[in-house]
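Only one structure is covered here, and it is reproduced in the block below.
The values are calculated or read from the model by the stated rules, or taken from the named source; none is laboratory data. Here the structure is a predicted model, which means the values were calculated and not measured. All Cβ positions, glycine included, derive from the backbone under ideal geometry; neighbour counts span all protein chains shown. Heads up: the accessible areas ignore ligands, DNA and RNA and are worked out on the full protein's heavy atoms, side chains in. Shrake-Rupley method; radii C 1.70, N 1.55, O 1.52, S 1.80 Å.
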Amino acid sequence: MYSVELINVDKTYDNKQLVVKDVNITIQSGEFFVLVGPSGCGKSTLLRMIAGLEGISAGTLRIDGKKANHLPPSKRELSMVFQNYALYPHMTVEDNITFGLDVKKIRKKEQRKKCNDIAEMLGLTEYLKRKPRHLSGGQRQRVALARAIITNSPICLMDEPLSNLDAKLRAHMRAEIRELQRKLGITLIYVTHDQVEAMTMGDRIMVLNEGEIQQVGKPIDVYNSPANPFVAKFIGSPPMNLTTGLVNREKHHITLQDQLSIPIDPMVLNNIENNKVIVGIRPENIEISSANSQANLSFEVKIDHLEILGTETLIKFKWNNSDWYAKWHGQWNIDVGQSLQLQLDKDSLCIYDEHTEKLIVKPSNIQKQNVREGII
Amino acid sequence: MKNATAFQEKTLTQIDTKWRFVHWRSAILYLLPSMILFSVFLFYPLGKTLYLSFFLTDQQGVANVFVGWENYQYILQAESFHKSIKATLLFVLYTVPTGILISLFLALLANEKLKGVGFFRTIYSSTMGVSVAASAVVWLFIFHPSMGILNQLIASVGGTSIDWLLHPDWALVSVAVTTIWMNIGFSFLIILGGLQNVDEHLYESAKISGAGYFYQLRRITIPMLSPTLFFVVTVSLINAFQTFGQVDILTQGGPSESTNLIVYSIYREAFVNYQFGTASAQSIFLFLCILIVTILQFKFGERKVHYQ
Ligand SMILES: Nc1ncnc2c1ncn2[C@@H]1O[C@H](COP(=O)(O)OP(=O)(O)OP(=O)(O)O)[C@@H](O)[C@H]1O
Ligand SMILES: [Mg+2]
């Protein structure tokens, strides 16, 4: 199992605009690494550079510690699953799966044996004699997976492999791919624009925007303390609510829209250089204001829209001309148009410098529930 | 109650037949233009040819005496017709495989992503825009025994010049070369179109698997191209059987009937010798030949073709 290292990697197609800017990242061997970002941010480009299908404009790529900038794709010991699967339409499923072995001139008998093993593992045994066009989307996807793993390459690249599937199948395949990766122990680099996939599959995720790394870390850390407002908006559904605030240094608080004031520790206040900040809060940290709440953190809103999802209720309202969301556990009986008194949980706020967009204050009350073994 | 259902059924079938009639009428109306065109230019001439092939005709082509299969017996025994068939088969053999291989080669070259490849694409397909007459005349000059560039080239390297169009052994080859040159434009364009339709990801995936150029060619390009190749082969075959213009301009069927291809032979029989009956019989024979070849091709060739 190999590691992949990108050092100051740039990519430009037209020698004018950088599509990938100064990317530095080390992907550990055996890691499930997810690349996530909005459409057009350069995810596929980065993956194709690792695969060797696209040249690297500047910087260094190391695979297993060895420089690989100019290595042809076949020498990089990797496999790839394409977004449209790129199955050979004129070959049977079996020929598709064994293509990589046939190229390496492995004996037919061995090819068939390996193919049968993998087909069994992925539930494709019945379909080996069919052509890809006679398969369903999920089956095609599994053929593409089988083709990628049969060569035993230490690195596997996947470019949005689930984006053509329906929601239910996608959820199923998420788990299947994750299990497969654990079982084989391969280094997997997985591109997606779906943040649910990013959150649930990766050991680590890397958020990319306009070719630049925004944040790298464990999914849950990225969710809890997004490094900048972009990540805060991108990760999480519905996204984090953001608004601007003004720092009041005498009174040790930040005022939001002249309505709310958030008390700030004077020590922390010293770290804030700019007087303007961006304050963010996750929808689940907005609560119904109780009688004994701190008055300076509650505000009244009119409910615009409501979605009851069974286990949780999603509430949308306008606050200072932007759409805000709150998410509460359980099923709430609220009417659209009704007024509600809400309050922010002051320990769950993310505060960013408005100018540099850097995270200054992280939420302090991250709720993690630990279960000790044997007690449940 | 019973009455009511019977009544309902009756109206239903009435409506049904009425609708069916309306559908038929509009279907016929849509088909009418092409049916008229086909009738005037295809079915009527075909029927008339078949009819004439059983008659002895006068100089104006009016059927005089019914002779049954005699015309067919005559052409099947005539030595000149045997020669003509042999020449045609040889001609097909010379032109079709060579032409398609050259076009495939050029298309593979022109499909590479290189700077200025558009220029070569234009050049390679340009013979499509040249009429048969014009290109035949150009080749007439190239083949000219003394002034032709071909013989001048041979002379400049010290060889003896060849009577390209005047020697019975060379004339058919020369006409074949001309024909290949003329057909390359069309085949090239169709094959290039087929190549560009192949999903680029297939090659990328093969590259990652470590497949070399010729492996990719054999296992991806050619199978993916098979419907296109099949089409080109069919069209080229039919075209080769029907060659006329270049023969008329380059050799007039000579020397000693070595380039007297079937269509040219039909033309001479009908419009030089005024034997419309035997000419029609030859036409029907040619029609059956092409039909059989095409059917065989569909039967055996199509199995190897992969359609998307
Ligand atoms: N071959 C190319 N030539 C020129 N520009 C390209 C080429 N391929 C991609 N780009 C540009 O590079 C940028 C990044 O493209 P890329 O395909 O990497 O995006 P992506 O993050 O994979 O998006 P998506 O989620 O939509 O697949 C885009 O602005 C795109 O227009
Ligand atoms: Mg992409």
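State which residue is farthest from ligand 2 (Cβ to nearest atom) when the search covers only the range A:180-197 and only residues that are assigned to a helix (DSSP H, G or I), open to solvent by 10 Å² or more (accessible area, probe 1.4 Å) and within 16 Å of A:Asn152 (Cα to Cα). Steps first, please.
Residues of the range A:180-197 assigned to a helix (DSSP H, G or I): A:180-184, A:195-197.
From what's left, open to solvent by 10 Å² or more (accessible area, probe 1.4 Å): A:180, A:182-184, A:195-196.
Then drop every residue that is not within 16 Å of A:Asn152 (Cα to Cα), which leaves A:180, A:182-184.
Details: A:Leu180: 22, A:Arg182: 25, A:Lys183: 27, A:Leu184: 24 Å.
That would be A:Lys183.
Which one of A:Ala148, A:Ala144, A:Ala167 is free of Cβ contacts under 8 Å to residues at least 60 places away in the same chain, small (Gly, Ala, Ser), more than 16 Å from ligand 1 (Cβ to nearest atom) and assigned by TED's automatic domain parsing to the domain that holds A:Gly30?
Numbers: A:Ala148 fails: free of Cβ contacts under 8 Å to residues at least 60 places away in the same chain; A:Ala144 fails: free of Cβ contacts under 8 Å to residues at least 60 places away in the same chain.
After ruling out the rest, the residue left standing is A:Ala167.
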For the list (1) within 11 Å of chain B (Cβ to nearest Cβ); (2) under 27 Å from A:Glu197 (Cβ atoms); (3) more than 16 Å from ligand 2 (Cβ to nearest atom), I need the number of the one condition that A:Leu53 fails.
(3)
If you take the residues of the range A:100-119 that are in a loop (DSSP other than H, G, I, E, B) and in contact with a Ser or Thr (Cβ under 9 Å, 6 or more places away or on another chain), which of them is nearest to the other protein chains (Cβ to nearest Cβ)?
A:Lys104
So how many residues does the range A:136-149 have that are away from chain B (no Cβ under 12 Å) and open to solvent by 10 Å² or more (accessible area, probe 1.4 Å)?
6
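Restrict the check to the range B:233-242 and report whether at least one residue is more than 8 Å from chain A (Cβ to nearest Cβ), part of a helix (DSSP H, G or I) and closer than 18 Å to B:Glu112 by Cβ. Talk me through it step by step, then tell me what you get.
Initial filter on the range B:233-242 (more than 8 Å from chain A (Cβ to nearest Cβ)): B:233-242.
Filter once more, keeping what is part of a helix (DSSP H, G or I): B:233-241.
Add one more test, that the residue is closer than 18 Å to B:Glu112 by Cβ, and what stays is none.
No: zero hits.
Go through the range A:198-309 and tell me which helices (runs of 4 or more DSSP H), entirely inside it, have 3 or more residues that are crowded, with 16+ Cβ neighbours inside 10 Å. Walk me through it before giving the result.
Values: elements: A:219-224, A:229-234, A:266-271.
Qualifying helices (runs of 4 or more DSSP H): A:219-224, A:229-234.
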Could you please tell me which pairs satisfy a Cβ distance under 9 Å, a separation of 6+ or placement on different chains, a first residue in the range A:221-240 that is hydroxyl-bearing (Ser, Thr, Tyr), and a second residue that is not in a loop (DSSP other than H, G, I, E, B)?
A:Tyr223/A:Met199; A:Ser225/A:Gly217; A:Ser225/A:Cys350; A:Ser225/A:Leu359; A:Ser237/A:Gln195; A:Ser237/A:Val196
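So which of A:Ile7, A:Ile106 is at pLDDT 90 or above, of a type in the set (Val, Ile, Thr) and more than 16 Å from ligand 2 (Cβ to nearest atom)?
Values: A:Ile106 fails: at pLDDT 90 or above.
Of the residues listed, the single one that is at pLDDT 90 or above, of a type in the set (Val, Ile, Thr) and more than 16 Å from ligand 2 (Cβ to nearest atom) is A:Ile7.
Just checking: which of the strands (runs of 3 or more DSSP E) contained wholly in the range A:1-99 hold 2 or more residues that are open to solvent by 50 Å² or more (accessible area, probe 1.4 Å), of a type in the set (S, T, N, Q) and away from ligand 1 (no atom under 14 Å from the Cβ)? Give the derivation first.
Working: elements: A:4-12, A:18-27, A:32-36, A:58-63, A:78-81.
Correct list: A:18-27.
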Quick check on the range A:77-99: of everything there that is at the interface with chain B (Cβ under 8 Å from one of its Cβ atoms) and out of contact with any Pro (no Cβ under 9 Å at 6 or more places or on another chain), which residue is nearest to A:Thr192 (Cα to Cα)?
A:Asn84
Checking the structure you have, find out if any residue of the range A:112-127 is closer than 28 Å to B:Ile222 by Cβ, open to solvent by less than 50 Å² (accessible area, probe 1.4 Å), within 16 Å of ligand 1 (Cβ to nearest atom) and at pLDDT 90 or above.
no
Picking from B:Lys86, B:Lys18, which residue would you name as being at pLDDT below 90 and open to solvent by 90 Å² or more (accessible area, probe 1.4 Å)?
B:Lys18
Need the failing condition index for B:Glu79 against (1) surrounded by 11 or more Cβ atoms within 10 Å (Cβ to Cβ); (2) closer than 29 Å to B:Thr178 by Cβ; (3) at pLDDT below 90, just the number.
(1)
Of the candidates B:Ile123, B:Ile190, the one satisfying the condition of being open to solvent by 60 Å² or more (accessible area, probe 1.4 Å), in the same structural domain as B:Lys83 (by TED's automatic domain parsing) and in a helix (DSSP H, G or I) is B:Ile123
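Per-residue answers, yes or no, for (1) within 30 Å of A:Met158 (Cα to Cα); (2) among the charged types (D, E, K, R); (3) within 12 Å of chain A (Cβ to nearest Cβ):
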{"position": "B:Leu192", "(1), (2), (3)": "no, no, no"}
{"position": "B:Gln196", "(1), (2), (3)": "yes, no, no"}
{"position": "B:Lys207", "(1), (2), (3)": "yes, yes, yes"}
{"position": "B:Leu229", "(1), (2), (3)": "no, no, no"}
Which number in (1) in the same structural domain as A:Phe32 (by TED's automatic domain parsing); (2) hydroxyl-bearing (Ser, Thr, Tyr); (3) more than 16 Å from ligand 1 (Cβ to nearest atom) marks the one condition that A:Thr255 misses?
(1)
Consider only pairs whose beta carbons are under 9 Å apart and that are at least six residues apart or on different chains; among these, list those whose first residue lies in the range A:183-195 and is within 16 Å of ligand 1 (Cβ to nearest atom) and whose second residue is among the polar types (S, T, N, Q).
A:Tyr190/A:Gln181; A:Val191/A:Ser44; A:Val191/A:Gln83; A:Thr192/A:Ser163; A:His193/A:Ser39; A:His193/A:Ser163; A:Asp194/A:Ser163; A:Gln195/A:Ser237
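Could you tell me whether A:Asp159 is within 16 Å of ligand 2 (Cβ to nearest atom), within 13 Å of chain B (Cβ to nearest Cβ) and not polar (S, T, N, Q)?
Numbers: within 16 Å of ligand 2 (Cβ to nearest atom): yes; within 13 Å of chain B (Cβ to nearest Cβ): yes; not polar (S, T, N, Q): yes.
Yes: the conditions hold for A:Asp159.
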Which one of these does B:Gln252 not meet: (1) without any contact (Cβ under 8 Å) to a residue 60 or more places away in the chain; (2) assigned to a helix (DSSP H, G or I)?
(2)
